[in-house]
1. Does A:Ala423 satisfy the criteria of being more than 8 Å from chain B (Cβ to nearest Cβ) and part of a helix (DSSP H, G or I)?
2. Does region A:326-344 hold any residues that are of a type in the set (A, V, I, L, M, F, W, C), over 10 Å from the mean Cα position of the chain (by Cα) and either farther than 19 Å from A:Phe276 by Cα or at pLDDT 90 or above (or both), and which are they?
3. Would you tally the residues in region B:159-173 being within 21 Å of the chain's Cα centre (by Cα) and more than 10 Å from chain A (Cβ to nearest Cβ)?
4. Can you name the condition, by its number, that B:Phe195 falls short on among (1) under 17 Å from the mean Cα position of the chain (by Cα); (2) away from chain A (no Cβ under 14 Å); (3) crowded, with 20+ Cβ neighbours inside 10 Å?
5. I need a count of the residues in region A:383-410 that are at the interface with chain B (Cβ under 8 Å from one of its Cβ atoms), among the hydrophobic types (A, V, I, L, M, F, W, C) and within 20 Å of A:Met309 (Cβ to Cβ).
6. Go over the candidates A:Tyr431, A:Tyr450 one by one and state the one that is surrounded by 16 or more Cβ atoms within 10 Å (Cβ to Cβ), more than 9 Å from chain B (Cβ to nearest Cβ) and outside any helix (DSSP H, G or I).
7. Being touching a residue at least 24 places away in the same chain (Cβ under 8 Å), surrounded by fewer than 24 Cβ atoms within 10 Å (Cβ to Cβ) and of a type in the set (Phe, Trp, Tyr): is that true of B:Phe221 here?
8. Hand me the list of helices (runs of 4 or more DSSP H) wholly inside region A:272-379 holding 3 or more residues that are under 30 Å from A:Leu459 (Cα atoms) and not charged (D, E, K, R).
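The values are calculated or read from the model by the stated rules, or taken from the named source; none is laboratory data. In this text, all values refer to a predicted model and were calculated from it rather than measured experimentally. So basically every Cβ, Gly included, is an ideal-geometry build from the backbone, and we count neighbours across all protein chains shown.
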Amino acid sequence: MNLAEQLPVLPVIIPLVAAPITLLLPQGRAPHLWATLISWLTFAACIFLVSAVSDAGVISYHLGGWVPPLGIEYRIDLANALVLALVSGIASVVFAFAYRSVRVEVDPRQSTFFYCAMLICLTGLLGVTITGDAFNVFVFLEISSLSTYALIAMGANRDRRALTAAFNYLVMGTIGATFFVIGIGLLYQATGTLNMADLHDRLAGQSNRMVEAGFAFIVVGIGLKLAMFPLHLWLPNAYTYAPSAVSAFIAATATKVAVYVLIRFFYSVFGFDFGFVAFAFTYVLLPLGLAGMFIASLVALFQDDVKRMLAYSSVAQIGYMLLGLSFATVEGLTASLVHILNHALMKGALFMAVACVVFRTGSHSLQAFAGLAKRMPVTTWAFILSGLSLIGVPLTVGFISKWYLLTAAFAAGHGYAAFLIVASSLIALVYIGRVAEMMLLREAPSEGPYAIPIKEAPLSMLIPMWVLVAANIYFGVRTDLTGDLATRAAEALMLVAGGAP
Amino acid sequence: MISPGLAIPLALWVPLLGCLAIWLLDKSPNLREAATLITGVILFVLTVTVFMAVSEGQRPGFQALEVIDGLPIAFQAEPLGALFAVIASGLWLVNSVYSIGYMRAGNEKNQTRFYMSFAVAISAAIGVAFAANLFTLFIFYEVLTLSTFPLVTHKGDEKARRGGRIYLGVLMATSIGLLLPAIVWTYVIAGTTDFMPGGILAQHVDAVGPLVGILLGLYAFGIGKAALMPAHPWLPNAMVAPTPVSAFLHAVAVVKAGVFAILKIVIYIFGIDLLKDTGASIPFMWIAAGSILLASAIAMNQDNLKARLAYSTVSQLSYITLGAMLATSMGVMGGAMQIAAHALGKMTLFMCAGAIYVAHHKTLISEMRGLGRVMPFTFGAFFLGAMSIVGLPPMAGSWPKFFLMLGAADAGQLAIIVVLIISSILNVVYLLSIPVQAFYMNPAEEGAKPQGAGGAFIDWGALKEAPILCIAPPMFTAAGVIALFFFADPLYRFLLPLIGGG
């Protein structure tokens, strides 16, 4: 038994085993260094996994040697390999970034718990992504959610409202998880299996009330987790009051993983034979995606808190992903997958820039950003470049997303959607523009709480942030890693789903 | 001599290196300005190299990288682009000299940022000029918008912020909201966005069908830089910028990038024949004609000199759009010549406006009566530039009007000829009246009616001109306006391949 054979399980095992060890470490620098090291190891494992999948096709790993459908199967194809690389990649950047930010925002006595919870959260997200077992998805989803509730609540050190935000999320998230597990239960009743591939085979031709109800429960349950408009109400507060490093991490990963789960269930478990899928695409995802794009963007426009603005922007961006996958074409699915990756890069960088501002000014209100271009130029430009990426300016990943999405919309005969997409990105132009104008063109206040002379954020924060900003630009001009792999992943998914590839 | 294939990438990179040098030389203004001028000279030599190669029939180009399959960032020089590049780089050099005079005389702040933004903007303009496909053009179009934003908001006060907001808002909204979908749509239909003689959509008429007009409309209004009404408000609002910015960017680089893009799209994406056969461009021809007259009418009511020039620019840009939308060979030729002629003429006018501001801090036309007698050189240059814009021989501006009228006649649109004549008359009224009043009237004092000239016409001993660096450039371009009139034939021959000749 060599390591290469066990590669598929490593992304889950490494952080899972490392998490409790964090608690044994002394307070101070050690837990952070340990968590960062683990996230890098995990990232390396995921990269190996992507290249293995890219060469060999689907990898199936039987946990504990138990043969599926009885045993739990880890099933890695290009679609989840990409998401794995994304989640662990973001983790390896955010964990490295977190130290200084966490030291001022989280109660120092909780720092070991903090990094432990981060690692558990990472384990959960990777587990959800990697597994080929429907019930296992639920288990890992809860692992990641529970740790996220705790992480958000740690923001209470700065702002007590983090507690209600975490509690709200707990209630909504638990409802979502319950719906999801009810749906899984119904499918299990109908088919007697929990393995996704097996479910797909056995669901073929089945179209009874039980399966239909199961489908509905799963869609609503996941819809809550991914903050599908109008099930997004937990998200703005959670992102706003969480410690900044946590916001950066979960904004870039948690909802993306949930979108991936939705894709997986639509395309790999149910498939197009199941009549409700097409129905859900046309009458649920498409209109809700469009509505989310606009309404959430418009709400973002009127936020005076930059973190909350970015949170609403996330809800809007999820609308793009739902829109892409609802076209049920290779192009649409590719656009959706590419946007999952790209949005993580831009939102991660934006939240990290806000974290730098919070670190120096102690606030994430719009007023704190006045005149920052002179006082924190490096942070300012990171924010502006990632903001341009969010708007979709060429040479950034945002443009690549828009290009794929627009192409998909025209090719699928939804030309009107193309215009709605660009219209909503113009709203992004306005809300990013508000912050940019504040930073570039306003004078720094001479009195009031933000008048203190402010220095640039420390290098330990700037370097990881600029790694993500650079990724925004690199993947904005080279798409052979993101676009091509996503296209192949989408083709494979379409093949399983039974659509014309 | 450097090879033309190498000259294109160098022309893109040299201004960026210049930008870096300007940044490094922040502390010593003289060296910093030297960096700008040296960059300008090198860039001009490079674009002339490309221009010469193109005139010999070569089409140098290169591909930088392929972003998405079938969507490369690629460059290729063709006559229109080579012409635009030479105009932009040549006038940038002239304008840089002028900028030095203007910015120093006015003791402006943040001069390093000013010159850096200028260098990035010129690189973007060169990118637009040499773009081999719509995708590349779009990239540099957006870079041009963003890099000029700091120039528009240079003053940093509330008025500048408001102007900047409208500038960025209109240009980004039109380009992302209309131009980007149009490009994607074209790509989905044709499978490519390459500029090809004859047009790429012409081969996919079935797929485009009756939607040609809609697609053309997306381009016409999506390219906000062409300032086709009602996508024009950004241009008057950009006048809050220092005058060198208005002179170069909002008379040459930015606005010409817009109309240049429209011409390229009509020639190389749709193909003149497709538009002629479908008649899809007729509505836009009328919109352009309306834009010409309406903008002139608004210009007439502007007392602020820069605002009047801005609306005049809106009007003059629509000549080029009109030429494209006529969908005839002569129309396209007229549009292409107008790019060159208007650039020289309008830049002269703006530089004169700046010189007046530097010397006398006057911005209102009503305050400039009699001023010609203390600034004869400035107003002399202004007079020549205005003559060219009106279209009187022997000024460069007369040729494009001539070709546009030929084009209108070819297209059987006699009413357009009437529009052109009315517009020229309006131009006479609102442009030529300025130097005439400056030379022949007495300054108005405290609400009194201005009087006719009295006493000595010009007292040569008591001139109050702007610094030499602010007067020499407009006089130079004014001389260029006359020179170009006599060199219209080589220019015509150079541009012939555009319309399938040569």
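1. On the way: more than 8 Å from chain B (Cβ to nearest Cβ): no; part of a helix (DSSP H, G or I): yes.
Against the criterion (more than 8 Å from chain B (Cβ to nearest Cβ) and part of a helix (DSSP H, G or I)), A:Ala423 does not qualify.
2. So the first thing to find is which residues in region A:326-344 are of a type in the set (A, V, I, L, M, F, W, C), and the list is A:327-328, A:330, A:333, A:335, A:337-338, A:340-341, A:344.
Add one more test, that the residue is over 10 Å from the mean Cα position of the chain (by Cα), and what stays is A:327-328, A:330, A:333, A:335, A:337-338.
A:Val330, A:Leu333, A:Ala335, A:Leu337, A:Val338, listed by residue number.
3. 5
4. B:Phe195 satisfies all of (1) under 17 Å from the mean Cα position of the chain (by Cα); (2) away from chain A (no Cβ under 14 Å); (3) crowded, with 20+ Cβ neighbours inside 10 Å except (1).
5. Of the residues in that region, 3 qualify.
6. Details: A:Tyr431 fails: outside any helix (DSSP H, G or I).
Going through A:Tyr431, A:Tyr450 in turn, the sole match is A:Tyr450.
7. On the way: touching a residue at least 24 places away in the same chain (Cβ under 8 Å): yes; surrounded by fewer than 24 Cβ atoms within 10 Å (Cβ to Cβ): yes; of a type in the set (Phe, Trp, Tyr): yes.
Taking the combined requirement at face value, the residue satisfies it.
8. Numbers: elements: A:275-280, A:286-301, A:306-326, A:330-361, A:372-375.
Output list reads A:306-326, A:330-361.
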